[in-house]
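Notes to accompany the following structure.
The values are calculated or read from the model by the stated rules, or taken from the named source; none is laboratory data. Owing to the predicted nature of the structure, the values given are computational and were not obtained by experimental measurement. Please note: Cβ atoms are built from the backbone with ideal geometry, for glycine as well, and neighbour counts cover all protein chains shown. Only protein heavy atoms, including side chains, enter the accessible area calculation; ligands, DNA and RNA are left aside. Shrake-Rupley method; radii C 1.70, N 1.55, O 1.52, S 1.80 Å.
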Amino acid sequence: MASDSNMDREMILADFQACTGIDNIAEAITLLELNNWDLVAAINGVIPQENGILQSNFSSEASQTEPYGPHSQPEATAPTPSAPPSTASSSSSPPSSSSSAFCPALPSRHIVERQPRMLNFRVEYRQRSVEVVLDESSAVGEIKNILETELQVPASKMQLKGWKSGDVSDSTALRSLHLPKNNSLYVLTPDIAPSASTSQSSSAQQGTSDQNYLLIISHREAQRDYSLNFPASKTIQEVKRNISDLTNIPVRHQQWDGWPASATNDTMTLAASGISYPCHHLSVCRRSSPAPDQTDECTDVHMVSDSEGDDFEDAPEFGVDESEVFGSSCRKSPMMPENSENEGDALLHFTAEFSRRYGDCHPVFFIGTLEAASQEAFYGKARDRKLLAIYLHNDESVLSNVFCSQMMCADSIVSYLSQNFITWAWDVTKEANKARLLTMCTRHFGSVVAQTIRTYKTDQFPLLLIVMGKRTSNEVLNVIQGNTTVDELMMRLMGAMEIFTAQQQEDIKDEDEREAREMVKREQDEAYRLSLEADRKKREAQEREEAEQVRQERIRKEHEDEREAIRRSLEQALPPEPNEEGAEPISKLRIRTPSGEFLVRRFLGSCKLQVLFDFVASKGYPSDEFKLLTTFPRRNITQLDPAWNLMEAKLFPQETLFLEAKE
């Protein structure tokens, strides 16, 4: 049903909120504007269709005069606990100008309970990540209860950080925070030492360096006690910084009771300070007057993000010079030498100076050129790629000391950068170093990035550039300035990580598909190579076989030629066949060949057996291959002396012989 053109928009807004239970006025106005202030269309857009749609055949006048129709009775519906009050009570509340004049008049069967909106939370804690899904009607404390089960950390010890609206209490409803569907948070547990389990297991070993000290620190103003475990190698300065994070009292404003007289220097370790082992009691409060000027104790300047503005306001009140607040008066050497020829040496100097000023708990800076850092971050396997974080330091900025000591040295930031980023640093305090950086940025990222860096003024430094490698170019996702907080820095790093992770998943998919294609191609190439190799071997074998056949044929032919020559020579050497009418005795011999043919010839009775053998050989049956036999009695004539004549061999006057191949 289209809304009445004369209906006031405020009344439409009130009706819409009463029907849908949407408390956020901005959200309600946005939904109405999307539907051109058509009330029923907007309500139907909010309430899922599968659960029921408001019917459009009711007019505002009919709804006021006949709430349930002239011939119908109201259906009794029991309101659910999660249903909005206006919806649950719509069947019994009379219409009024202050409440909905439209929605209560509709039949209760047409108004369906609004489905709760589900929110996704990704919570980081040290080395772990936990996914939590809750509806927006839940409270913040329910997230902690779930994390307590997953992380085995008491909910009372957790500090849930990352809310855009700042710190919130456990009873705060998620709906009141107006959160997006996907959220990223992280957990801090200042009352639980990160290495507590390791320290406890090593405390049984000998030597004070492996011992753990339990410091029971009383915060007098908050009337709260902290029980903290520290290794013996922890310095007093580091303890004070941790307490600064817990109490929001900057180190320079802390007033302590309980340190022994031997603890004369904040750089002393707990083992050397002379405190009681294994437990020592201390108390701390905010001093009412400024701390003595300690130019050598510049590392005591420690501020937390939540009290950053208060610390700036405290400085004039206590008469502290601005340069003392930010530690600029204690700088003894530049972060990076000017006009250094080797970038690696310059970064080694930068890392050493950073550690000297702010301690060893800082990101691992890549030692090498910007090009090498880009190669390390962007050009490996897709699964191994990381984001590139470029930290640009400027000693002339009042924000540098705060950003380094509070942001870059925060445990959560250090851990997150180490796991997900390649961190490269450069000092732009000197103009020569800045010009060199701009040249490198122009070469690797283009002139737009270099021009962007030029636009930042000195008091906006330090900068943290988040760079993501893409297929054809490198893209600067974010430029984080020095005037930020730990929570905001973490949120922006995690936001960049979400963008990078989505791109990385696409790159991994493309890389896997490319590797699969290349593997198929390699397999096809290998199969083709093996096929060619098999064909080559087959061809070579065939060529060898043909060559052998040719050779054998040549040998056979030579052998036949030789035999033919011998046969001809024997045939020519045979004496002529005698006539039957001759005076000399004649022997007539019939010789049957293996083929069944008969060789018939006359010989003189005085002829030698050799003449008979030569005759048989001239017909193609040499004596070395065939034997000449008599029929009866069976005799092997070839075994007789070739010098015998036919009469002596008893082959006279006639005889039938047969040839048989020798075995």
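Using beta carbons and a limit of 8 Å, which pairs, at least six apart or on different chains, have the first residue in region 377-400 and part of a helix (DSSP H, G or I) and the second one of a type in the set (Lys, Arg)? If the second residue must be of a type in the set (Lys, Arg), the pairs left are Ala377/Arg385; Ala377/Lys386; Phe378/Arg385.
Report yes if some residue within region 507-519 is in a helix (DSSP H, G or I) and over 30 Å from Ala377 (Cα atoms); otherwise report no. Checked against the condition, which is being in a helix (DSSP H, G or I) and over 30 Å from Ala377 (Cα atoms), region 507-519 yields no hits at all. Can you pull out every residue in region 444-470 that is under 29 Å from Asp507 (Cα atoms), open to solvent by 30 Å² or more (accessible area, probe 1.4 Å) and touching a residue at least 12 places away in the same chain (Cβ under 8 Å)? The answer is His444, Thr452, Lys470. Screening Lys521 on (1) more than 30 Å from Lys164 (Cβ to Cβ); (2) within 24 Å of the chain's Cα centre (by Cα); (3) open to solvent by 80 Å² or more (accessible area, probe 1.4 Å) shows it passes everything except condition (2).
Each residue in region 120-136 was checked for being in contact with a helix residue (DSSP H, G or I) (Cβ under 6 Å, 6 or more places away or on another chain) and in a loop (DSSP other than H, G, I, E, B), and 1 of them qualify. The test for being charged (D, E, K, R), surrounded by 18 or more Cβ atoms within 10 Å (Cβ to Cβ) and without any contact (Cβ under 8 Å) to a residue 40 or more places away in the chain does not hold for Lys240.
For region 603-614, which residues satisfy the criterion of being in a helix (DSSP H, G or I) and over 13 Å from Pro642 (Cα atoms)?
Of all residues in region 603-614, those in a helix (DSSP H, G or I) come to 609-614.
Those that are in a helix (DSSP H, G or I) and over 13 Å from Pro642 (Cα atoms): none in region 603-614.
For region 568-592, a residue qualifies if it is surrounded by 16 or more Cβ atoms within 10 Å (Cβ to Cβ) and either in contact with a Lys or Arg (Cβ under 7 Å, 6 or more places away or on another chain) or under 19 Å from Phe658 (Cα atoms) (or both), and the qualifying residues are Pro578, Ile586, Ser587, Leu589, Ile591, Arg592.
The lone criterion from (1) in a helix (DSSP H, G or I); (2) in contact with a Gly (Cβ under 8 Å, 6 or more places away or on another chain) left unmet by Ala372 is number (2). The single condition among (1) within 16 Å of Phe652 (Cα to Cα); (2) small (Gly, Ala, Ser); (3) loosely packed, with under 15 Cβ neighbours inside 10 Å that Gly605 does not meet is (3).
Quick one: in region 137-153, of everything that is over 32 Å from the mean Cα position of the chain (by Cα) and more than 21 Å from Asp487 (Cα to Cα), which residue is surrounded by the most Cβ atoms within 10 Å (Cβ to Cβ)? Full working, then the answer.
Residues of region 137-153 over 32 Å from the mean Cα position of the chain (by Cα): 137-139, 141.
From what is left, the residues that are more than 21 Å from Asp487 (Cα to Cα) are 137-138.
On the way: Ser137: 13, Ser138: 18.
If we take residues in region 137-153 being over 32 Å from the mean Cα position of the chain (by Cα) and more than 21 Å from Asp487 (Cα to Cα), then Ser138 is surrounded by the most Cβ atoms within 10 Å (Cβ to Cβ).
A count restricted to region 156-183 and to residues that are more than 32 Å from the chain's Cα centre (by Cα) and among the hydrophobic types (A, V, I, L, M, F, W, C) stands at 4.
You will find that of His362, His349, the residue that is open to solvent by 10 Å² or more (accessible area, probe 1.4 Å), under 24 Å from Glu431 (Cβ atoms) and either in a helix (DSSP H, G or I) or not basic (Lys, Arg) (or both) is His349 and no other.
Just so you know, in region 155-166 the residues that are over 12 Å from Pro190 (Cα atoms) and open to solvent by less than 60 Å² (accessible area, probe 1.4 Å) include one that is modelled with the lowest pLDDT, and it is Gly166.
Okay, residues lined up against (1) more than 60 Å from the chain's Cα centre (by Cα); (2) open to solvent by less than 70 Å² (accessible area, probe 1.4 Å); (3) closer than 15 Å to Pro594 by Cβ:
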{"residue": "Ser623", "(1), (2), (3)": "yes, yes, yes"}
{"residue": "Lys627", "(1), (2), (3)": "yes, yes, yes"}
{"residue": "Arg634", "(1), (2), (3)": "yes, no, no"}
{"residue": "Asn645", "(1), (2), (3)": "yes, yes, no"}
{"residue": "Lys650", "(1), (2), (3)": "yes, no, no"}
{"residue": "Leu657", "(1), (2), (3)": "yes, yes, yes"}
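Contact map, region 633-644: first residue touching a residue at least 12 places away in the same chain (Cβ under 8 Å), second residue loosely packed, with under 15 Cβ neighbours inside 10 Å and assigned to a loop (DSSP other than H, G, I, E, B), Cβ cut-off under 9 Å, separation 6 or more or different chains; pairs are Thr638/Lys662.
Selection of region 412-431 for residues being farther than 25 Å from Pro190 by Cβ and part of a helix (DSSP H, G or I) yields only Glu431. Pairs linking a residue in region 506-519 that is in contact (Cβ under 8 Å) with a residue 12 or more places away in the chain to a residue that is assigned to a helix (DSSP H, G or I) and open to solvent by 60 Å² or more (accessible area, probe 1.4 Å), with Cβ atoms under 8 Å and 6 or more positions apart or on different chains, are Ile508/Arg383.
When region 365-376 is filtered for residues that are open to solvent by 60 Å² or more (accessible area, probe 1.4 Å) and touching a residue at least 24 places away in the same chain (Cβ under 8 Å), the ones remaining, listed by number, are Glu371, Glu376.
Kindly indicate whether any position in region 167-174 is at pLDDT 85 or above, crowded, with 19+ Cβ neighbours inside 10 Å and under 21 Å from Asp411 (Cα atoms). So far as region 167-174 goes, no, none of its residues is at pLDDT 85 or above, crowded, with 19+ Cβ neighbours inside 10 Å and under 21 Å from Asp411 (Cα atoms).
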